[in-house]
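Asks: Take this structure, written in structure tokens, and hold onto it; I'll ask about it next.
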Amino acid sequence: MSLLEVSNLRRDFGGLTAVHDLTFSVEPGEIVGLIGPNGAGKTTTFAMLSGFITPTSGEILFKGTSINKLKPHQVCLLGLTRTFQIVQPFPDMTVLENVMIGAYTHHPNTVDAKKKAMEVLERINLAHKAEEQGKILTLPELKRLEIGKALATEPSLLLLDEVAAGLKDVEMEEILELVRQLNREGITFLIVEHLMKVIMNLSHRVIVLDFGQMIGQGTPAEISKNPAVLAAYLGKED
Amino acid sequence: MKIQIKKSTILIGLLLIVGFILPRFAGEYYIHISVLVLFYAYMAVSWNILGGYAGQHSLGHALFMGIGAYTSTYLFTVIGLTPWIGMWLGGAFAGVIGGFVGYLCFRYGVKGPYFALVTIALAEAAVYIVTNIPSIGGAQGLEVAWTGNAPQLMQFDGKSGYYYMILVMTIIAVWLSSWLIKRRFGYQLLSIRENEDAAEALGVNTLRLKIQATVISAVMTALGGTFFAQYFTYINPRAVFGEGPSVQILLFAIIGGIGTVWGPVVGALVLIPIAELSRGWLGGTFAGAQILLYGTVLVLTMLFMPNGILGLYHKFLGKFQNRQSDGGKSEAL
Ligand SMILES: Nc1ncnc2c1ncn2[C@@H]1O[C@H](COP(=O)(O)OP(=O)(O)O)[C@@H](O)[C@H]1O
Ligand SMILES: [Mg+2]
């Protein structure tokens, strides 16, 4: 059984169809990249998968359960957690408390949640900032915190939205390595990324969107040779 | 392991001792001021759970105060039910109304200034509704008939009885508030205040939590309403449902330090005595001088210390101690 099965997913905003008849699946253990030019519908797809907006039509099955109508917190509880393209910390809470909010999902007791959150902070290399306020972190730290909060919910599928955007090469490599490691430990990833370099480097499989439709999928090598993709996407990017 | 007594523990201990022995030394007038301090501290702590922790700024909390005051007083006046029971019925009533209001607002995404407006409107509606029901006193209000020193009817000879009652209520409220904020429920409320979408994405049932916070806050506020009625022995629609109490309740929380355990207490502790004493000095009319004072203090607070008195205190403390981390929440005190 696929971990995630999306069939004929569609979302309209007024007259605009942001996502149109999208069908794909994600297998356990994969890192799947979702790419496409700006406005292709990637963030909208994420918002539907994570319960923030309801699909106009179509079906999303996660671990065999339909999650179309679920709220984000319910989706999260099932093991599907997202991060945000624009980082969303809790600014007046400490870094530890930020991560604890995620950890509370499966550890209602504060002592346990704190312990889990500390483990996560070690993983994302932010343990030394545990007592700092969320608002004083730098962008690379915030990007890692964004992953850390989500990680603390112990997801089986993690959706990362442009998690490397705005980072320098070294910082980016650190995050990519983290993703690879977590993937080896069993977490499945669906990642949206603008930077081809990141996607090609990380993904086992790539899905290409354009104008809300899937115009191709395959291994990074296949994708980089697919004429439709090249025309629609690669030509527009650097 | 080293046994460590925190400075805050000592401070709280001292406060408690002073609190309990105060009536032995203070005259009636000072006990009265202390009752006011404790009453508004209690109300601000209650408001703070919804307004400070969850960040949902109710500007119409008098709605719940009025429900508490009217329920217990009406039941006492009409069927002679002791306010000790009426108080809880009022609390339950306010809890149901709070849950209903919370559900309607939060289910349909009413938040921020819109939530504030809805709560003002509801409290104001309550003023008009109660004013137009003659059987519960109409515009005249209700009087709590004096039955002599009758603790079983929540009536005490002199002010000390009331003082001890509101002291215990405030202690319980502060304790509850500090207990809540140290556990999942409290942290999740904070996360809603800080970033609702992020909270929801991390598994926080934001709708349920906001409704729960509203209910808890409403029940506590209504219990305070009963105390108010018993202490002043007279209520009318504007005095308990009006904008006056609504604003006062949140004023002390904002000035003391919104979203903190002790901020609401500090706010009342600092402001009430100033307001009361200045009333004597200025010799002005009750409403005029006080509103002017509160307005000025509020504006100054917003401008110069957005985190309230406690925020300012921590800022200075931070300068001296170079912000050594205490391993706990900076909000804790
Ligand atoms: N809330 C919304 N209301 C109206 N239009 C939207 C909304 N969200 C996204 N869109 C539109 O849907 C399309 C897809 O957007 P998005 O999913 O953000 O693309 P991507 O993340 O691939 O850049 C864009 O044309 C965008 O303007
Ligand atoms: Mg996007």
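Asks: Test A:Leu176 against the stated conditions and say whether it is closer than 29 Å to A:Phe52 by Cα and crowded, with 20+ Cβ neighbours inside 10 Å. Give the steps one after another, and end with the answer.
Replies: Numbers: closer than 29 Å to A:Phe52 by Cα: yes; crowded, with 20+ Cβ neighbours inside 10 Å: no.
In short, no.
Asks: Here is a check on your reading of the model: is B:Lys182 open to solvent by less than 10 Å² (accessible area, probe 1.4 Å), within 30 Å of A:Leu151 (Cα to Cα), out of contact with any Asp or Glu (no Cβ under 7 Å at 6 or more places or on another chain) and within 14 Å of chain A (Cβ to nearest Cβ)?
Replies: Working: open to solvent by less than 10 Å² (accessible area, probe 1.4 Å): no; within 30 Å of A:Leu151 (Cα to Cα): yes; out of contact with any Asp or Glu (no Cβ under 7 Å at 6 or more places or on another chain): yes; within 14 Å of chain A (Cβ to nearest Cβ): yes.
So B:Lys182 does not fit the description; no.
Asks: Do we have any residue at all in the stretch B:206-220 that's away from chain A (no Cβ under 14 Å) and on the phi > 0 side of the Ramachandran plot?
Replies: No: the stretch B:206-220 contains no residue that is away from chain A (no Cβ under 14 Å) and on the phi > 0 side of the Ramachandran plot.
Asks: Looking only at helices (runs of 4 or more DSSP H) that lie completely in the stretch B:1-110, which have at least 2 residues being farther than 24 Å from B:Ala150 by Cα and at pLDDT below 95?
Replies: Of the helices (runs of 4 or more DSSP H) lying wholly inside the stretch B:1-110, those with at least 2 residues that are farther than 24 Å from B:Ala150 by Cα and at pLDDT below 95 span B:7-25.
Asks: Does B:Leu251 fit the bill of being in contact with a helix residue (DSSP H, G or I) (Cβ under 7 Å, 6 or more places away or on another chain), modelled with pLDDT under 70 and crowded, with 19+ Cβ neighbours inside 10 Å?
Replies: Values: in contact with a helix residue (DSSP H, G or I) (Cβ under 7 Å, 6 or more places away or on another chain): yes; modelled with pLDDT under 70: no; crowded, with 19+ Cβ neighbours inside 10 Å: yes.
Against the criterion (in contact with a helix residue (DSSP H, G or I) (Cβ under 7 Å, 6 or more places away or on another chain), modelled with pLDDT under 70 and crowded, with 19+ Cβ neighbours inside 10 Å), B:Leu251 does not qualify.
Asks: Follow-up. Kindly indicate whether B:Ala275 is under 17 Å from B:Gly60 (Cα atoms), of a type in the set (A, V, I, L, M, F, W, C) and modelled with pLDDT of 80 or more.
Replies: Working: under 17 Å from B:Gly60 (Cα atoms): no; of a type in the set (A, V, I, L, M, F, W, C): yes; modelled with pLDDT of 80 or more: yes.
Judged against the criteria, B:Ala275 is not a match.
Asks: Name the single residue, out of those in the stretch A:44-66 being within 14 Å of another protein chain (Cβ to nearest Cβ) and open to solvent by less than 50 Å² (accessible area, probe 1.4 Å), that is farthest from ligand 2 (Cβ to nearest atom).
Replies: Only one residue fits best here, namely A:Gly51.
Asks: Please report, ordered by residue number, the helices (runs of 4 or more DSSP H) entirely within the stretch B:153-209 with at least 3 residues that are under 19 Å from B:Val261 (Cα atoms) and in contact (Cβ under 8 Å) with a residue 12 or more places away in the chain.
Replies: Working: elements: B:160-181, B:184-194, B:196-201.
Qualifying helices (runs of 4 or more DSSP H): B:160-181, B:184-194.
Asks: Here's something else I'd like to know. Can you run down the residue pairs with Cβ atoms below 7 Å, 6 or more apart or on separate chains, where the first is in the stretch A:20-43 and within 14 Å of another protein chain (Cβ to nearest Cβ) and the partner is within 13 Å of ligand 1 (Cβ to nearest atom) and open to solvent by 10 Å² or more (accessible area, probe 1.4 Å)?
Replies: Close Cβ pairs satisfying both conditions: A:Thr43/A:Gln85.
Asks: Report yes if some residue within the stretch A:82-103 is open to solvent by less than 60 Å² (accessible area, probe 1.4 Å), hydrophobic (A, V, I, L, M, F, W, C), within 30 Å of A:Gly134 (Cβ to Cβ) and within 16 Å of ligand 2 (Cβ to nearest atom); otherwise report no.
Replies: yes
Asks: Additional query: Every residue in the stretch B:219-247 that is open to solvent by less than 30 Å² (accessible area, probe 1.4 Å) and over 20 Å from B:Ile31 (Cα atoms), please. Explain how you work it out, then say what you get.
Replies: Quick first cut of the stretch B:219-247, residues open to solvent by less than 30 Å² (accessible area, probe 1.4 Å) only: B:220-231, B:235, B:237, B:240-242, B:245-246.
Answer for the stretch B:219-247, where residues must be open to solvent by less than 30 Å² (accessible area, probe 1.4 Å) and over 20 Å from B:Ile31 (Cα atoms): B:Met220, B:Thr221, B:Ala222, B:Leu223, B:Ile235, B:Pro237, B:Val240, B:Phe241, B:Gly242, B:Pro245, B:Ser246.
Asks: Considering only the stretch B:157-179, I want to know if a residue exists there that is surrounded by fewer than 21 Cβ atoms within 10 Å (Cβ to Cβ), farther than 21 Å from B:Val35 by Cα and among the charged types (D, E, K, R).
Replies: no
Asks: While we're on this one: Working carefully through the options A:Leu159, A:Leu151, A:Leu209, find the one that is modelled with pLDDT of 90 or more, within 14 Å of another protein chain (Cβ to nearest Cβ) and within 16 Å of ligand 2 (Cβ to nearest atom).
Replies: Values: A:Leu151 fails: within 16 Å of ligand 2 (Cβ to nearest atom); A:Leu209 fails: within 14 Å of another protein chain (Cβ to nearest Cβ).
Testing whether each residue is modelled with pLDDT of 90 or more, within 14 Å of another protein chain (Cβ to nearest Cβ) and within 16 Å of ligand 2 (Cβ to nearest atom) leaves just A:Leu159.
Asks: How many of the residues making up the stretch A:72-102 are at the interface with chain B (Cβ under 9 Å from one of its Cβ atoms) and over 17 Å from the mean Cα position of the chain (by Cα)?
Replies: Qualifying residue count, the stretch A:72-102: 9.
Asks: So, in the stretch A:143-194, how many residues would count as being in contact with a strand residue (DSSP E or B) (Cβ under 6 Å, 6 or more places away or on another chain), part of a loop (DSSP other than H, G, I, E, B) and either more than 19 Å from A:Leu34 (Cβ to Cβ) or β-branched (Val, Ile, Thr) (or both)?
Replies: Here the count works out to 2.
Asks: With the condition kept exactly as written, say whether any residue in the stretch A:106-119 is in a helix (DSSP H, G or I), away from ligand 2 (no atom under 16 Å from the Cβ) and open to solvent by less than 10 Å² (accessible area, probe 1.4 Å). It would help to see each step written out before you state the result.
Replies: Here is the first cut: in the stretch A:106-119, the residues in a helix (DSSP H, G or I) are A:110-119.
Cutting the leftovers down to away from ligand 2 (no atom under 16 Å from the Cβ) gives us A:110-119.
Now restrict to residues that are open to solvent by less than 10 Å² (accessible area, probe 1.4 Å): A:113, A:117.
Yes, the conditions are met somewhere in the stretch A:106-119.
Asks: Residues of the stretch A:1-53 being over 24 Å from B:Ala198 (Cβ atoms), assigned to a strand (DSSP E or B) and away from ligand 1 (no atom under 16 Å from the Cβ), which ones?
Replies: Hits for the stretch A:1-53 are A:Glu5, A:Ser7, A:Asn8, A:Thr23, A:Ser25.
Residue-wise test of (1) surrounded by fewer than 24 Cβ atoms within 10 Å (Cβ to Cβ); (2) under 25 Å from B:Val261 (Cα atoms).
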{"residue": "B:Ile49", "(1), (2)": "no, yes"}
{"residue": "B:Gln56", "(1), (2)": "no, yes"}
{"residue": "B:Thr73", "(1), (2)": "no, no"}
{"residue": "B:Val78", "(1), (2)": "yes, no"}
{"residue": "B:Met87", "(1), (2)": "no, yes"}
{"residue": "B:Val96", "(1), (2)": "yes, no"}
{"residue": "B:Tyr108", "(1), (2)": "yes, no"}
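Asks: If a residue has to be within 16 Å of ligand 2 (Cβ to nearest atom) and either within 23 Å of A:Arg184 (Cβ to Cβ) or buried (at least 21 other Cβ atoms within 10 Å of the Cβ) (or both) to count, how many in the stretch A:10-31 make the cut?
Replies: 4
Asks: Out of A:Glu141, A:Glu171, A:Glu122, A:Glu131, report the one residue that is open to solvent by 10 Å² or more (accessible area, probe 1.4 Å) and in contact with a Pro (Cβ under 7 Å, 6 or more places away or on another chain). It would help to see each step written out before you state the result.
Replies: Values: A:Glu141 fails: in contact with a Pro (Cβ under 7 Å, 6 or more places away or on another chain); A:Glu122 fails: in contact with a Pro (Cβ under 7 Å, 6 or more places away or on another chain); A:Glu131 fails: in contact with a Pro (Cβ under 7 Å, 6 or more places away or on another chain).
Selected residue: A:Glu171, the only one of A:Glu141, A:Glu171, A:Glu122, A:Glu131 that is open to solvent by 10 Å² or more (accessible area, probe 1.4 Å) and in contact with a Pro (Cβ under 7 Å, 6 or more places away or on another chain).
Asks: Next up: Is it the case, given these coordinates, that A:Asp92 is more than 22 Å from A:Leu190 (Cβ to Cβ) and touching a residue at least 40 places away in the same chain (Cβ under 8 Å)? Walk me through it before giving the result.
Replies: Values: more than 22 Å from A:Leu190 (Cβ to Cβ): yes; touching a residue at least 40 places away in the same chain (Cβ under 8 Å): yes.
It is true that A:Asp92 is more than 22 Å from A:Leu190 (Cβ to Cβ) and touching a residue at least 40 places away in the same chain (Cβ under 8 Å).
Asks: For the structure I just gave you, tell me whether A:Gly58 is in contact (Cβ under 8 Å) with a residue 12 or more places away in the chain, at positive phi and outside any helix (DSSP H, G or I). I'd like the intermediate steps shown before the answer.
Replies: Working: in contact (Cβ under 8 Å) with a residue 12 or more places away in the chain: yes; at positive phi: yes; outside any helix (DSSP H, G or I): yes.
Considered against the rule, which asks whether it is in contact (Cβ under 8 Å) with a residue 12 or more places away in the chain, at positive phi and outside any helix (DSSP H, G or I), A:Gly58 comes out as yes.
Asks: Another question about this same structure. Could you tell me how many of the residues in the stretch A:32-43 are within 13 Å of ligand 2 (Cβ to nearest atom) and either closer than 15 Å to A:Asn68 by Cα or of a type outside the set (Gly, Ala, Ser) (or both)?
Replies: Initially, the stretch A:32-43 is screened for residues within 13 Å of ligand 2 (Cβ to nearest atom), giving A:34-43.
Those still in the list that are either closer than 15 Å to A:Asn68 by Cα or of a type outside the set (Gly, Ala, Ser) (or both) too: A:34-35, A:37-38, A:42-43.
Of the residues in the stretch A:32-43, 6 are within 13 Å of ligand 2 (Cβ to nearest atom) and either closer than 15 Å to A:Asn68 by Cα or of a type outside the set (Gly, Ala, Ser) (or both).
Asks: Kindly establish whether B:Gly280 is more than 14 Å from chain A (Cβ to nearest Cβ), modelled with pLDDT under 75 and either assigned to a helix (DSSP H, G or I) or surrounded by 13 or more Cβ atoms within 10 Å (Cβ to Cβ) (or both). Can you show your working first?
Replies: On the way: more than 14 Å from chain A (Cβ to nearest Cβ): yes; modelled with pLDDT under 75: yes; either assigned to a helix (DSSP H, G or I) or surrounded by 13 or more Cβ atoms within 10 Å (Cβ to Cβ) (or both): yes.
When the stated conditions are applied, B:Gly280 passes them.
The values are calculated or read from the model by the stated rules, or taken from the named source; none is laboratory data. If you're wondering where the values come from, they're calculated on a predicted model, not measured in any experiment. Positions of Cβ are backbone-derived with ideal geometry, glycine not excepted, and every protein chain shown enters the neighbour counts. Heads up: the accessible areas ignore ligands, DNA and RNA and are worked out on the full protein's heavy atoms, side chains in. Shrake-Rupley method; radii C 1.70, N 1.55, O 1.52, S 1.80 Å.
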